[in-house]
Structures are given as structure tokens and as C-alpha cells.
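Just so it is clear, none of the values below were taken in a lab; they were calculated from the coordinates. Everything numeric here is computed off the predicted structure, so don't read it as measured data. Every residue, glycine among them, receives a Cβ derived from its backbone with ideal geometry; neighbour counts consider all protein chains shown.
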Amino acid sequence: MSMSKAQDLIRLARLAAARRTGISLEEICSEFDVSHRTAQRMTEALENVFTGVTQQDGTDRRRRWRVGDPMLDRLRPREETAIEALEIAGRAAKAEGRGRHAKALSDLQEGLLSRLAPRDALRTEADAEAVLTGMGSVTKPGPRVNLKPAVLDAIIEALRGPFRLRLQYGEPGTPERVIEPYGLLLGHRSYLVARQPVRGKMILNFRTDRINAAEALDESFAMAEDFSLEEYAAQSFGVYQDPTQYGEVIWRFAPEAAARAMEFQFHPTQTLETMDDGSLVVKFMAAGWLEMTWHLYQWGDKVEVIAPDGLRLMVEGHRRRDFNALP
């Protein structure tokens, strides 16, 4: 067995042990990017190498493999990638003001290091630091809105309940309001998605940078069962929601920009069509014209808005031809 296959087998065994219901062939295909037949061979190897392997058919009619080998916990691969991932996530959380998440990630990182021999721990830390030093994205430059750590902590506590949240929002001295938080949309400008009972059942967005103070109340509430934060977020181009702007968006990229535009996912619902002249037509359903214009400006005169008319009028007259690079 090759080294890479051995590593995959160990990882498969650990996944099969960690997941309460085990792991299915479909999940193996997804986790390891392999074919169905390769996944079957991996389960055969799993049963041959490890003890305590069991099979069980679930309610979805899928067979799952689970490992209960007591010796499995001693088989630990090197932890550099996990250390790097935790450090990157921790630095991002700290930069965004999510103090409790940064602390939790740091504790997990320390826990991984503590299980290593001192020599291995030093080597792992050194290797991880070498990678992190070369990753500019860890300390990404550029403007961003500073969020208040205490406010984010209160929001996270309320989401965990879920509990109602008391906010002091907007200009200082404005009356407090009580809302029911549904989730956070994180971006260059972040929004708290919530309902405010006194204003009915409509979903509202609150800019997190305008929340001056927040307190999680000891008042639980029932979230609407038909609400999906993922589906709600997909209705916008960025993070801002404006139902009156929601509709089909059509952009045409010039032939010289088509190849570059094909590398982008502008929106999860997008479709792409290459035209006879080499131009590229992108279509998707979304709202948020202002955030669209911020992005479109970067393409200069290499993109044309076909629809909607409101967005086309917003960018008209601002399509520069002197940009010497594409996004």
C-alpha cells in the first residue's frame, strides 16, 4: 500500500469512528474525491485492517461503516495542517472582533500541541508558522469596519439559545429595541438578520457596526420553521437585502474579458453563456444594486448591464476605459 493510500485509510478510520452514525459510500466519495468503486475498495480495506468495524443500514437506505477500534486513537497523523487551519481561523476571528471564537480556537490549537511529544510540537509550530508568515491573507490589508467584541459576544449568545436580544441601535440616545435574531451575514459590511416583534413578521437587517450595545435576554423564542439563512443570503449579491430590487440580473462581458469573468462565481444561481462574438453573458437572480455597482466599476468598460434597467442606469456614465487590469 502506498503512503498516500495508507494516510487516506487512517483518515477514513478516524472519520468512521468520529461520526456517530458512521460514514457511507457517498460520503467517502465526497470526502476523498474518489469514484464509487474506489470507495467500496476503501471500506474493504477498512474491514481488513481495523478491528471493531461494523455496518448498519440507515433509514435513508444507505449503508454506513463505523469503527470502534480502541487502538485507533493512537494513530495520529502529523498536525501541521490542523494547526495552520486553527491559527488562520483564530486570527480571522480576532480581527473580526469575535473574541470567544478566537479563544476557543486557540484552546483547540493548544490541545493538539499538548498531545505531541515536545520535539514534534516544536517542529509542528515552526512548520505552521513558516506557512502562516507567507500568507498575506491572514493579515489581509485594506479597509474594514471595526466591530465591537462585546456586541458580537451578545449576538452569538442570543443565537445559541435562541434568545431575544436587546439593542441600542443607530444614533446615541435612540430608544432600545428588542429583536429575535436569526443569523449573521458577514462581509465587508456585516448585518444581523432578525425580526422585531413590534414591527410584525418581516425579516429585517441591522448593520452590526451601528449596534452600540447588545444584551442577550433570558427570553427564548420560536424561529420560523420555513426560514433558511442560506436561502435568504442567496437573494442578495452581497449582504444587503432590498426586496424591491430582487429579480433577474444580466451582464455581458466583452470578448477580451470573457475568460477572466468565467473564473468568477458572481452568484450561486448564475448561468454562463458564451456568445458567437466571444462575449460572455452572465445571468442570476439577486438584489443589491449598490453592491453590484461597486463590483462592476472594477471592470471598467469591459462589462455591460443588460438588466435590470435600474442597475443599468446606476452604472451608466461610469464605465471607464483607462483601467489597465481586470479584477
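Rounding to the nearest 20 debye, state how big the charge dipole of the chain is about its Cα centre with +1 on each Lys and Arg Cβ and -1 on each Asp and Glu Cβ.
The calculated dipole for the chain is roughly 560 debye.
At 7 Å along the Cα-to-beta-carbon direction for both residue 295 and residue 242, put a label point, then send me their distance in nm to one decimal.
For residue 295 paired with residue 242, the spin-label model returns 1.6 nm.
Answer with one residue from 150, 297, 190: the one whose Cα lies farthest towards the positive end of the charge dipole of the chain, charges on Cβ with Lys, Arg +1 and Asp, Glu -1.
Sorting the options by dipole projection puts first 150.
Rank these for me by crowding, 101, 36, 295, going from fewest to most other beta carbons within 10 Å.
36, 295, 101
Normalised by the number of residues in the range 243-315, what is the relative contact order in percent for Cα pairs under 8 Å and 6+ residues apart?
It comes to 42 percent, rounded to a whole number.
Which one, 240, 108, 92, projects farthest toward the positive side of the charge dipole computed for the chain from Cβ point charges (K/R +1, D/E -1)?
So the residue furthest toward the plus end is 108.
In straight Cα distance, which lysines are under 28 Å from residue 94, not counting same-chain residues fewer than 8 positions off?
Counting by Cα, and skipping residues close in sequence, residue 94 has these lysines nearby: 103, 140, 148.
Given springs between every Cα pair under 10 Å in a Gaussian network model of the chain, which of 291, 27, 248 has the largest fluctuation?
27
Specify the angular offset, from 0 to 90 degrees and rounded to the nearest 10, of the alpha carbon long axis of helix 3-18 from the longest principal axis of the alpha carbons in the chain.
Once rounded, the angle reads 80 degrees.
Measure nothing but the geometry: give the 0 to 90° angle between the long axis through the Cα atoms of 80-95 and the longest principal axis through the Cα atoms of the chain, rounded to 10°.
Between the helix axis and the principal axis of the chain, the angle is about 30 degrees.
So for 221, 284, fewest C-beta neighbours within 10 Å to most, what's the order?
With the fewest neighbours first, 221, 284 line up as 221, 284.
How fast does the range 149-230 diffuse by Stokes-Einstein, in µm²/s, taking the Kirkwood radius from C-alpha pairs at 20 °C and 1.002 mPa s?
168 µm²/s
Along the three principal axes, how long is the chain when you take its alpha carbons, biggest first, rounded to the nearest angstrom?
Between the extreme Cα coordinates on each principal axis of the chain lie 68, 60, 47 Å.
If the reach is capped at under 27 angstrom between alpha carbons, list the lysines near residue 283, excluding any in the same chain fewer than eight residues apart.
Qualifying lysines at Cα under 27 Å: 302.
Normalised by the residues of the range 158-301, what does the relative contact order come to in percent, with Cα pairs under 8 Å and at least six apart?
Computed over the range 158-301, the figure is 20 percent.
For the chain, take the longest principal axis of its alpha carbons; what is the angle in degrees between that and the long axis of helix 36-49, to the nearest 10 within 0 to 90?
40 degrees
Rounded to whole Å and ordered largest first, report the semi-axes of the equivalent ellipsoid of the range 3-74 derived from its Cα gyration tensor (root of 5λ).
Gyration-tensor ellipsoid for the range 3-74: 17, 16, 10 Å.
Shape of the range 274-314 from its Cα gyration tensor (a ≥ b ≥ c, root eigenvalues): rounded if a/c is under 1.5, otherwise prolate when a/b > b/c, or oblate?
prolate
Send over the Kirkwood Rh of the range 243-315, from the inverse of the averaged 1/r over different Cα pairs, rounded to one decimal Å.
Taking the inverse mean of 1/r over all distinct Cα pairs, the range 243-315 comes out at 12.3 Å.
Under 1.5 on a/c is rounded, so check that first for the range 170-214, then, if it is not, pick prolate when a/b is larger than b/c and oblate when it is not; a ≥ b ≥ c are the square roots of the alpha carbon gyration tensor eigenvalues.
The shape class here is oblate.
Counting other beta carbons within 10 Å of each residue's own, what order do 38, 174 fall into, fewest first?
Ranked by crowding around the Cβ, least crowded first: 174, 38.
Under 10 Å, Cα contacts only: if you run a Gaussian network model on the chain, which one of 195, 177, 37 comes out with the highest mean-square fluctuation?
Of 195, 177, 37, the most mobile in the Gaussian network model is 37.
Over the range 149-230, what is the mean sequence separation of C-alpha contacts under 8 Å (at least six apart), divided by residue count, expressed as relative contact order in percent?
Value for the range 149-230: 35 percent.
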